[in-house]
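Notes to accompany the following structure.
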Amino acid sequence: MFSFVLLGVQLLVTVVIGVYFFVQLRSGQKQQPPAKRESGREMDKLQRMRAIHLSEPLSERVRPVRFEDVVGQQQGIRALEAILCGPNPQHVIIYGPPGVGKTCAARLVLEAAKKVRGTPFAPDAPFVEMDATCVRFDERAIADPLIGSVHDPIYQGAGPLGVQGVPQPKPGAVTRAHGGVLFLDEIGELHPTQMNKLLKVLEDRKVFFESAYYNADDTAVPRHIHDIFKRGMPADFRLVAATTRGPADLPPALRSRCMEIYFRALESDEVAAIALGAAKRAGFALQEADAALVGRYATCGRDAVNIVQMAAGVAQMDGRSRIDRADVEWVVDTGHYTARPDQLAQSTDTVGRVHGLAIYGAHQGAVMDIEAVATPGTGRVTVTGIVEEEEMGVDGHRLRRKSTARGSAENVATLLRRMGYDVGRFDLHINFPGGAPVDGPSAGVAMAVAACSALTGRPADGGTALTGEVSVRGEVRGVGGVPGKVDAARRAGLRRVLIPKENYLQRFDACGIQVEPIGTLDEAIARMLAPGAMPTAPARGAQDAPRPEPLAVAKAEAGETITLATD
């Protein structure tokens, strides 16, 4: 009997204890900390947001996934492969206008480099992408997403190690790119302090941190933190920097550490091809003639995709699966897109007009007309359409000088007198039409030929373009940007280009246009002007020797002005 009573007491005690703990558990759940309940609600909200997906933007759907998809940059991609796809990849800077595929090309080249025999890139080598315009610079060094920083224990959120007074290094993008590629877009916008830090990392291939709270003898500091402060954080990567600026806008210290390549601006037919591909990806039909209209107004692939996407939206609202010309015209009108200038050059032989060659933007060539008019006068030379003055130098020591184009015009006037032209009896007006200011000495030979044509009345070859600096002795000297200029002449439909001998390259033989080297102005005149009376230079020292009169003199004295045909 006693045992049954004892068993009943134990059972009762067990029930009471169970009820007590059950009540305490329910009470604990009801008294859940507010922060934990708030975190739960925010997590549910975050999961609901992640369950919502919009359609993929057309710009992402047309993003290149193969080298063939990057339009118009075969030379740039080949150069990038030569730099990265080998046993000794180098840092590189890519110059080029926006929207031409610099980022996509760098990503594709890294994937190709991983498959090359002897490459130092592992199959899982990272590609870390950052935009220099978005890299926050903190003077207090609390946070540095590019280089990395030290989270000192005095800052909020230092965690358990911070409570113990241990500083904690936080890796940046240079460490996350260890063993791979760090793509830094718009590097020309990077803060100077960040730039200097980056240069140090490129040199050391590691990041060194400092902290007033670090004690090398503190046994409470974990081993890995001791190792980071003593030996640095690994940052052995290859930098691929991209910029829309020119080389002169980047620090020489950065350029000296990097190879440099150039991505060119896209031509209208290449942009049209991108527009056709974008329309196909969007599920809309687009005629080639209408795609050519997109190429005339869009300056890059990104612009072409935006025009197609907006035109497709218009067609979809009307229930059509075809993009019409009216849709494209409406988009370019409402978007205030500016049409590209017509690059086809007039090939008619004309007195006083020649085709010069120029470079603008990212080493992009262009054909420009140069006009010359000779009228009776007193030997005055007027040049319009050029930069009158330019400023050069650095802060604290700046110089203002007359433009080199103006200097070339004066060289031409002196040279013409030396060659026997009676320039003193005429006023010579040389003009660069088009509205864009021109500078540089490379138009010297073109100005001289145009002036000779105007003074003699001999038509200049309209199917030929020429470039080169001319000296007062009549020598044609080398200039920059000749490959881009030759390509511009080819695109303009010209048949021949005259360039300085020292700029001639063997590869010009297969560039699709006849390229001829010249060494003197006499050679240029002989190849550019139609046969006719030509003055000869007076003998050296014969100051009073009679000078032959140019053909245009008789016409000018009769009251006829020789002008440039503008039709």
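The values are calculated or read from the model by the stated rules, or taken from the named source; none is laboratory data. Not measured: the values here are computed from a predicted model. Note that we place each Cβ from the backbone using ideal geometry, even for glycine, and neighbour counts take in every protein chain shown.
The residues of region 369-408 that are in a strand (DSSP E or B), modelled with pLDDT of 60 or more and charged (D, E, K, R), listed by number, are 369, 371. Could you please let me know if residue 175 is more than 27 Å from residue 105 (Cα to Cα) and in a helix (DSSP H, G or I)? No. Of all residues in region 353-368, at least one satisfies being modelled with pLDDT of 80 or more, touching a His at 6+ places or on another chain (Cβ under 8 Å), in a strand (DSSP E or B) and closer than 28 Å to residue 529 by Cα. Note on region 410-436: residues that are among the aliphatic types (A, V, I, L, M) and at pLDDT below 75 total 1. Residues that are buried (at least 17 other Cβ atoms within 10 Å of the Cβ) and closer than 23 Å to residue 438 by Cβ within region 407-425 comprise 408, 409, 411, 412, 413, 415, 416, 423, listed in sequence order. For region 47-65, the set of residues classified as assigned to a loop (DSSP other than H, G, I, E, B), of a type outside the set (A, V, I, L, M) and either modelled with pLDDT of 80 or more or under 16 Å from residue 276 (Cα atoms) (or both) consists of 53, 63, 64, listed by residue number. The residue list 248, 278, 282 contains one member that is farther than 28 Å from residue 113 by Cβ, crowded, with 20+ Cβ neighbours inside 10 Å and at pLDDT below 90, which is 282.
Residue count for region 287-309 under the criterion of being free of Cβ contacts under 8 Å to residues at least 40 places away in the same chain, out of contact with any Ser or Thr (no Cβ under 8 Å at 6 or more places or on another chain) and not in a loop (DSSP other than H, G, I, E, B): the result is 8. Among the residues examined, residue 520 does not qualify as at pLDDT below 90 and among the β-branched types (Val, Ile, Thr).
Answer with yes or no whether residue 507 is part of a helix (DSSP H, G or I), within 14 Å of residue 367 (Cα to Cα), of a type in the set (Lys, Arg) and under 35 Å from the mean Cα position of the chain (by Cα). So residue 507 does not fit the description; no.
How about region 372-386: which of its residues are crowded, with 23+ Cβ neighbours inside 10 Å and out of contact with any helix residue (DSSP H, G or I) (no Cβ under 6 Å at 6 or more places or on another chain)? Within region 372-386, none qualify.
Could you please let me know if residue 217 is part of a loop (DSSP other than H, G, I, E, B) and free of Cβ contacts under 8 Å to residues at least 12 places away in the same chain? So residue 217 fits the description; yes. Cβ-Cβ contacts under 6 Å between residues 6 or more apart (or on different chains), taken from a first residue in region 368-380 that is more than 23 Å from residue 434 (Cβ to Cβ) to a second residue that is part of a strand (DSSP E or B) and of a type in the set (Asp, Glu), are listed as 377/427; 380/427.
For region 96-123, a residue qualifies if it is closer than 13 Å to residue 238 by Cβ, outside any helix (DSSP H, G or I) and touching a helix residue (DSSP H, G or I) at 6+ places or on another chain (Cβ under 6 Å), and the qualifying residues are 119, 121.
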